[in-house]
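Here the structure is laid out as structure tokens; the discussion comes afterwards.
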There are 4 protein chains.
Amino acid sequence: MAFEFPIHIYWEDTDAGGIVYYANYLRFFERARTEWLRAAGIHQRTMREQTGGMFVVAEASLKYLRPARLEDELIVTVQLQEAGRAGLLMAQQVLLTEPGTAARTLLCEGSVRAAWVDAQTLKPKRLPSDILQKLNP
Amino acid sequence: MAFEFPIHIYWEDTDAGGIVYYANYLRFFERARTEWLRAAGIHQRTMREQTGGMFVVAEASLKYLRPARLEDELIVTVQLQEAGRAGLLMAQQVLLTEPGTAARTLLCEGSVRAAWVDAQTLKPKRLPSDILQKLNP
Amino acid sequence: MAFEFPIHIYWEDTDAGGIVYYANYLRFFERARTEWLRAAGIHQRTMREQTGGMFVVAEASLKYLRPARLEDELIVTVQLQEAGRAGLLMAQQVLLTEPGTAARTLLCEGSVRAAWVDAQTLKPKRLPSDILQKLNP
Amino acid sequence: MAFEFPIHIYWEDTDAGGIVYYANYLRFFERARTEWLRAAGIHQRTMREQTGGMFVVAEASLKYLRPARLEDELIVTVQLQEAGRAGLLMAQQVLLTEPGTAARTLLCEGSVRAAWVDAQTLKPKRLPSDILQKLNP
């Protein structure tokens, strides 16, 4: 089961092509990952203050299938693929919803690999086991 | 004499209205202020490491006269209005240029008040005198 | 009574100062205005397709009182001050909430004047009366 | 030989981790592609007005090797890998420069596939041959 987070498209998200600017899908991906972590009881700001570590993205890839437009109502998903001491691999999708129906159209899909690093030195650290446990109950 | 900094408009700057998104003029203002400080020998990252202080914007106001569009070539200006131990007040403009001519059209103008604060506590600090001297030769 | 819209702060909203980047408050203001219009039955994309008109911001001003940080939970308000055939004037605030309490701290306040223009020519148009009626029941 | 475009890092580009926000590398990639097209005599706004077509990104992938920070001076490259009637495939890199030296450190690399579509319907169109000729002299 993938985690789902709803997003509305605002003027800020679009470009002069009349569609959502391609880099913004990585922002939507990151919002959904943040909410997924919060839902698991992981607050990144608190984690950083307590452990001195934070997630940084090491790899990302996206396929853009259909464009999103102003005022669209989207669902962004997060599906954990791998979790280890080095970090996480997540599959993510952006789906267009039709208000009042169950229809969903896949607009964009991709994957993101996040590494856990020391917030000061940005050197890789081992992901704290309590974070792993919260993600793999 | 105002400091001038050139900016090209890219897809990321525009919105579905076909024009530059209104919040982005504050980004352009800040780029020009950063380059103006650099031209005066003030590097904000170094200043922060050396003094523990940084600028934060306390007030901003903008008037949008004409829109900018994709691939426009703009000039962003910075004119220091006030400089004191509490911070700086700057007048800024965004002008559209016509390549190959001297013509300039005012698109946006505004003012920005920046305060100097402790980078950790964000509490007001007195602006270091060497910064003031670099800005007021 | 002001319209209220909740916003979470994500990594994309912050800068290396550890706080929300000053231009992003205009993005938050615009999200809240869009949701306020939607709540009044005004969908900007539909309006544009039906009337050929759209809102553009003519003036904006902001005062930054306290910074917002990563994972803060904010309320953005919209209070209509004036509504006429030329456009709208709105007062807006950004408030920090404390989860589990009723406490709210004012972080940023400002005003935005929006004009109604022809979406092609960007020339001023008279705001359609049905929009005015929806905003002034 | 790759096309090279310089970029300075401003506050807007960074996040509370003290480094450049991961989505912004796609913005840097796009700026460099736009300047590379301009250098080849291809102005996207003009092309759209003349041909009714525009580029949209179909696929993007990135590897983040080292972070960029505030005030860094970067070079963004564009290397055309494939050019056909369906669109373009480009390899791109972001390199950190050391002012006053020839040293360059690879921070981020990736690839972007751009398709040519009808600007209204967003349906695939054949890339105009004069664009292809300008890119493959």
**Study point:** Average Cα contact separation per residue, chain B, under 8 Å, 6 or more apart, as relative contact order %
**Key:** 28 percent
Practice item. Report the extension gain between B:THR46 and B:ARG104 in nm, rounded to one decimal, defined as 0.36 nm multiplied by the number of residues separating them, less their alpha carbon distance. Key: 17.4 nm
Check your understanding: In peptide C:61-69, what is the residue-averaged number of other protein chain Cβ atoms found within 10 Å of each Cβ?
Key -> 4
**Study point:** Long pairs among A:LYS123/D:LYS63; A:LYS123/B:LYS125; B:LYS63/C:LYS134; B:LYS63/C:LYS123; C:LYS125/D:LYS123; A:LYS123/B:LYS134, criterion Cα-Cα beyond 25 Å
**Key:** A:LYS123/B:LYS125; B:LYS63/C:LYS134; C:LYS125/D:LYS123; A:LYS123/B:LYS134
Practice item. Rounded to the nearest 500, what is the 222 nm mean residue ellipticity of chain C from helices alone, with -39500 (n - 2.57) per DSSP H run of 4+ residues and division by all residues? Key: -6500 deg cm²/dmol
Check your understanding: So for the stretch C:16-126, taking the charge dipole from beta-carbon charges (+1 Lys/Arg, -1 Asp/Glu), which of C:THR105, C:LEU89, C:VAL20 sits furthest toward the positive end?
Key -> C:LEU89
Practice item. Assuming 0.890 mPa s and 25 °C, estimate D for the protein assembly as shown with Stokes-Einstein, Rh taken as the Kirkwood radius over Cα pairs, in µm²/s. Key: 100 µm²/s
Review point. Using a ≥ b ≥ c from the Cα gyration tensor of the stretch A:67-130 (square roots of the eigenvalues), is it rounded, prolate or oblate, where a/c under 1.5 gives rounded and otherwise the larger of a/b and b/c decides, a/b for prolate?
Key: prolate
Exercise for review: Any chance you could tell me what percent of the C-alpha pair distances in chain C go past 21 Å?
Suggested key: 44 percent
Point to revise | Cα long-axis angle, helix C:24-39 against chain C (0 to 90 degrees, to the nearest 10) | key: 50 degrees
Point to revise | Using a 7 Å Cα-to-Cβ projection, B:GLY84 label spacings across copies, nm, ascending | key: 3.5, 6.0, 6.7
Practice item. Give me the orientation-averaged projected area of the Cα convex hull of the stretch B:1-45, in nm², one decimal. Key: 4.0 nm²
Check your understanding: What FRET efficiency, computed as 1/(1 + (r/R0)^6) with R0 = 41 Å and r the Cβ-Cβ distance, is obtained for C:GLN133 and C:LEU65, rounded to the nearest 0.05?
Key -> 0.70
Check your understanding: Among rounded, prolate and oblate, which fits the stretch C:97-137 when a ≥ b ≥ c are the square roots of the eigenvalues of its C-alpha gyration tensor, a/c under 1.5 means rounded, and a/b larger than b/c means prolate?
Key -> prolate
Exercise for review: On a C-alpha basis, how far is the centre of the stretch D:37-99 from the centre of the stretch C:70-131 in Å? Whole number, if you could?
Suggested key: 36 Å
Review point. Which distances in nm, rounded to one decimal and ordered from shortest, link the label point of D:GLU4 to the equivalent label points in the other identical copies, with labels set 7 Å from Cα toward Cβ?
Key: 2.8, 5.0, 5.5
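We did not get these values from a lab; they are worked out from the coordinates using the rules stated. Predicted, not measured: the structure shown is a model, and the values here were computed from it. Reconstructed Cβ throughout: ideal geometry from the backbone, glycine too, with neighbour counts over all protein chains shown.
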